[in-house]
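Visitor: Pasting a structure here, questions to come.
Quick note: the coordinates plus some simple rules give every number you see, no bench work behind them. Owing to the predicted nature of the structure, the values given are computational and were not obtained by experimental measurement. With ideal geometry, Cβ positions are generated from the backbone for all residues, glycine too; neighbour counts draw on all protein chains shown.
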Amino acid sequence: MTPTSILATISLLCTTASAQPTITITNISVDQPEVSRDASFLLRVAAAGDGVKVGSYRIRTPYHVTRDETPEGFIWENGYAVYEGDGGAIFDNAPHDLDPSGGAIAVEISTTGWAPGTHYLVVFAHNRPGPGPHVIDYRNLRLDVDRTKVRISILPKGTSDVDAAFEFNLPKPVLASGELLICGAKLRDGETGSFAVRLRPPYTWGEDEVLSGFAYYPDEKVGYVEDGPDHLIRDNGPRDRDRTAGSITIEAPTAGWPAGVHVLTLEAAELSLRAPYGGVSKPYRDFAVKIPDPRDRFVVDVEPSVYFADGTHFGSLVSLGNGRVLAEGRHSEDGGRTWTRLEKAIPRPNLLSDGTIIGMAYKAFPIEGKDGVYRASRYVSDDGGRTVEVPLPSRVIVPRARPALGHGWHVGPLFGRSIVELDNGDLIAGMYGWFEGDTEPDRYREGGTMRRAYICRSSDRGQTWEYLSSVAYRPFLGNEGYSELVIRKLPDGDILALVRTGGNSNPGWQDNPLMMSRSSDGGRTWTPVERTGVEGVWPELLVMSDGTLACSYGRPGAHIMFSTDNGRTWTDHTSIDAERYSGYTAICEVAPGEILYGFGAKNWLDPDTGERRDCLRLARIKVRRP
């Protein structure tokens with residue numbers, strides 16, 4: 001055997017060994033979508049295995065039932081109603097299989113004994129009774145039963161069908177202080193069952209964050225508007241203002257709520273509704289309510305967001321002038337309304353005064369035998385990102401840097417999103433990481449230590465970066481320390497820095513403010529950090545054409561705020577999206593007073609389809625003085 005054939009054989013073996021076995025249901029159908037009560041329908045299922053054999057099929061309820069609820073043709077097994085088959089399983093070409101062909105089954109399912117209402121069955125194809133890890137695929141059937149007939153629907157895999165049982169009534173997005181917040185949910189026409197709702201924050205609250213009208217539970221670190229056990233407001237319970245069965249309306253006073261944006265969650269907690277396998281048993285809607293601030297100065301109009309790309313974290317938006325925009329490896333010539341994909345993306349792009357775009361890869365790596373010296377990758381474009389030089393090597397010199405545990409294990413300095421060009425042509429970059437002696441434990445992960453935000457400077461256009469100064473390390477604040485630093489040059493020549501201290505999705509600590517600091521000497525020294533008045537992650541700073549500052553931030557939700565005094569005070573807080581995981585944001589000005597806002601969202605709810613998905617989105621904001 002030649003060396004080439006040996007390598008090919010090894011490659012094939014490695015590929016085969018690493019492939020994960022799968023089973024896929026290739027076809028599922030019923031012979032008729034509607035049958036009479038006390039009749040039957042024929043269910044056909046075909047499945048194929050890749051790297052594993054289909055051993056059998058199984059049909060059961062996805063939820064527990066009583067013995068008395070077990071319908072004809074099913075057996076009660078471990079709390080489920082299971083299609084009897086051959087001892088709870090259906091084998092290809094066994095006595096219960098009515099399909100003589102191989103690779104598929106057909107079974108007759110009786111509708112006798114199904115009570116009126118909505119029921120579900122889950123159909124599994126799996127490798128049991130074969131050996132090895134359990135490999136399955138599944139589909140759900142929905143059975144809508146009334147007095148005379150049964151309607152059978154095959155649901156797409158993963159459908160959160162119980163979510164579709166509810167209509168949510170969300171409050172107005174802007175409420176005057178003291179105005180009642182009115183929200184609720186109701187069962188859609190044709191749905192039956194008892195339900196309740198919860199009104200709570202999407203994450204957790206510290207004691208000083210609790211809004212008036214919410215009962216606070218220190219052990220959970222959550223506040224609820226409630227009228228009974230389990231923090232629920234039940235249909236026609238004491239706090240339900242709608243006495244119609246199947247509909248709940250809540251009124252919550254906002255007196256005493258601080259000005260700004262408040263993100264809340266309304267959950268519909270089903271009590272007797274039953275969900276399909278893989279479905280969501282507690283559908284929810286996150287929403288944002290703004291209490292105006294008397295200091296607000298602008299009219300802020302937000303257009304509905306549009307899909308941009310798949311993903312969950314938006315990196316950067318860069319305006320190149322004349323309607324040209326660069327974002328996530330895409331280029332726009334019309335202010336972000338249409339996009340063209342580029343051959344190569346620039347990570348964390350920044351525009352310099354001569355039109356050059358420069359970006360640094362997130363991580364720097366140690367160079368063996370050179371303590372405090374790291375290698376990094378630099379990306380440069382001179383034509384608006386259309387062509388990008390292959391990653392260029394850079395050196396990063398941070399003598400006290402050390403490896404540490406953060407969201408993962410990091411072996412060197414981390415670049416933030418921003419590079420600022422100084423008057424003399426030098427560049428400074430916002431960075432973060434860990435230094436020798438930085439040993440205060442964080443509240444994010446066991447074994448982790450608090451992060452430090454700092455500045456590195458380059459006098460050779462990013463070929464070499466050297467430590468210049470620390471922006472923030474103490475005081476002990478947030479659950480992570482200081483990270484995700486963004487720096488921008490202000491109209492008065494100062495440099496403003498905003499920095500994350502943690503995230504509220506982590507229940508270990510609830511005080512995670514966005515902090516700010518400024519430098520008047522090109523980043524050599526920084527003022528003590530101060531609170532901005534909001535919490536959030538991945539902040540971005542934009543100096544608008546009229547000198548107004550805009551800051552985007554998020555999680556929970558994606559928001560924006562403005563400052564007319566170089567960041568000393570922030571007003572006009574506006575929500576762009578309320579989904580709890582929205583949060584990694586980016587902004588740029590595409591025309592005077594017009595901001596393009598990008599945000600990443602996980603489980604974003606599409607109002608047109610009712611489906612949730614992970615995606616990057618764009619919204620357009622127009623800002624004007626009244």
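Visitor: So for Met516, Met360, fewest C-beta neighbours within 10 Å to most, what's the order?
Guide: So the ranking, lowest neighbour count to highest, is Met516, Met360.
Visitor: Now a separate question. So which of Lys370/Lys602; Lys221/Lys363; Lys363/Lys602 end up more than 31 Å apart by C-alpha?
Guide: Values: Lys370/Lys602 41 Å; Lys221/Lys363 35 Å; Lys363/Lys602 24 Å.
Beyond 31 Å between Cα atoms: Lys370/Lys602; Lys221/Lys363.
Visitor: Per residue of the chain, what 222 nm ellipticity follows from adding -39500 (n - 2.57) for every DSSP H run with n ≥ 4, rounded to the nearest 500? Don't jump to the answer; show the numbers that get you there.
Guide: Numbers: 1 runs with 16 residues, N = 626.
Dividing the helical sum by the residues of the chain leaves -1000 deg cm²/dmol.
Visitor: Another question, then. How many nm separate the modelled label positions at Ile75 and Arg147, each set 7 Å beyond the Cα in the direction of the Cβ?
Guide: The modelled label-to-label distance comes out at 3.7 nm.
Visitor: So for Asp572, Asp92, Asp460, fewest C-beta neighbours within 10 Å to most, what's the order?
Guide: Lowest to highest Cβ neighbour count: Asp460, Asp92, Asp572.
Visitor: Want the number for Ile154 to Asp227: 0.36 nm per residue separation, take away the alpha-carbon distance, what's left?
Guide: Details: separation 73, 0.36 × 73 = 26.28 nm, distance 3.79 nm.
Extra length from Ile154 to Asp227 when fully extended: 22.5 nm.
Visitor: Same structure again: Quote the FRET efficiency, to the nearest 0.05, computed for Thr338 versus Thr66 with a Förster distance R0 of 60 Å and r equal to the Cβ-Cβ distance.
Guide: 0.55
Visitor: Next up: Per the Debye formula with a single identical scatterer at each Cα and no solvent contribution, what log10 I(q)/I(0) holds for the chain at q = 0.06, 0.07, 0.08, 0.09 Å⁻¹?
Guide: Per q value, in the given order, log10 I(q)/I(0) is -0.43, -0.58, -0.74, -0.90.
Visitor: Full extension from Leu352 to Asp460: what is 0.36 nm times the residue separation minus their Cα-Cα distance, to one decimal in nm? Don't skip to the end; give the middle numbers.
Guide: Values: separation 108, 0.36 × 108 = 38.88 nm, distance 1.34 nm.
Between Leu352 and Asp460, full extension yields an extra 37.5 nm.
Visitor: What FRET efficiency comes out for the pair Ile136/Leu42, r = Cβ-Cβ distance, R0 = 30 Å, nearest 0.05? Don't skip to the end; give the middle numbers.
Guide: Details: r = 23 Å, r/R0 = 0.76.
The value I calculate is 0.85.
Visitor: Calculate the spin-label point distance for Glu368 paired with Ser29, positioning each point 7 Å from the Cα along the beta-carbon direction, and give it in nanometres.
Guide: 6.2
Visitor: Here's another thing I want to ask about it. At a threshold of 8 angstrom on Cα-Cα distance, excluding pairs fewer than six apart, so keeping six or more, what relative contact order does the chain reach in percent? Walk me through the intermediate numbers first.
Guide: Values: 1687 pairs, mean separation 59.5, N = 626.
For the chain, the relative contact order is 10 percent.
Visitor: Counting alpha carbon pairs within less than 8 Å and at least 6 residues apart, what relative contact order, in whole percent, applies to the stretch 17-157?
Guide: 29
Visitor: Subtracting the Cα-Cα distance from 0.36 nm times the residue separation, let me have the gained length for Ser194 to Arg241 in nm, one decimal.
Guide: Length gained between Ser194 and Arg241: 15.3 nm.
Visitor: Could I ask something else about it? If you put +1 on each Lys and Arg Cβ and -1 on each Asp and Glu Cβ, how big is the dipole of the chain around its Cα centre, in Debye rounded to 20?
Guide: 1040
Visitor: At what distance in nm do the modelled label points of Asp494 and Asp296 sit from each other, each positioned 7 Å from its Cα along Cα→Cβ?
Guide: Spacing of the two 7 Å Cα→Cβ label points: 2.6 nm.
Visitor: Further question: So how tilted is helix 3-18 from the main axis of the chain? Cα-based, degrees 0 to 90, rounded to 10.
Guide: The answer is roughly 70 degrees.
Visitor: Still on this model: For Ile397 and Arg524, what does the FRET efficiency come to when R0 = 25 Å and r is the distance between their Cβ atoms, rounded to the nearest 0.05?
Guide: Efficiency at R0 = 25 Å is approximately 0.95.
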